[in-house]
Amino acid sequence: MSDETPADPPPVAEEEPAAETAIPADVVGPPAAVPDLIAPEATWVNPEAEVFHQRARLAEDRLKEVLDAYRQLKQETETFRERMSRGIERRYEERRDQLMVKFIEILDNFDRALDAAEKSGAHDALIQGLILVRTQLIQTLKDQGLERIPVLGLPFDPECSEVVEMDRVDDPDMDHVVVRELQRGYRINGRVARPSRVVVGEYQHEEPPPPSAE
């Protein structure tokens, strides 16, 4: 056997990588579009659901029309009730005033009877009885809104009085002032139920006579 060591193999030379060749950009161009591989989802409409939606919209429109008609009818009904209520109240007031006027005429008869009893010297008990009944009647009418119209000694007011005649007066302050009351006037709740019948003073200024020529 030989003691010689085998020689190392000669080193292998490494190959250098080949240089990359640059490609101009105008030659490469834009990147190619990638085809869409996923197909768009198709929209599917249920015909029965569409019919239900149409019916729901029609029902909503119809409901709106019915509600509008109901509101209008309600408003007209309230207006009619108010008008009827005012008419009934007005007729009630007219009938009450007519009835109160009849009671005023009864009160006038009591006054005439009382005056006649006092002038004829009737028994005191009869006179006191007439006064009591008259007082009760006046209080009952006052509770219903009746009040007497004061006119005597006041300036004439055509709103609540009627002139029966004019009476000549000497005082200029009494011109167009009520000097006598022939019939009493009354108001019911502020409205004239019966005007007073009065005599009004009239002042006429007299010029002094011219001096006599001598």
Quick shape check on region 58-143: root eigenvalues a ≥ b ≥ c of the Cα gyration tensor, a/c under 1.5 is rounded, otherwise prolate if a/b tops b/c, else oblate, and it reads prolate
Rounded if a/c is under 1.5, else prolate if a/b beats b/c, else oblate: with a ≥ b ≥ c from the C-alpha gyration tensor eigenvalues square-rooted, which is region 147-205?
prolate
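Every read-out reported here was derived from the displayed coordinates using simple, explicitly stated rules and does not represent laboratory data. Every value quoted in this text rests on a predicted model; they were computed, and no experiment measured them.
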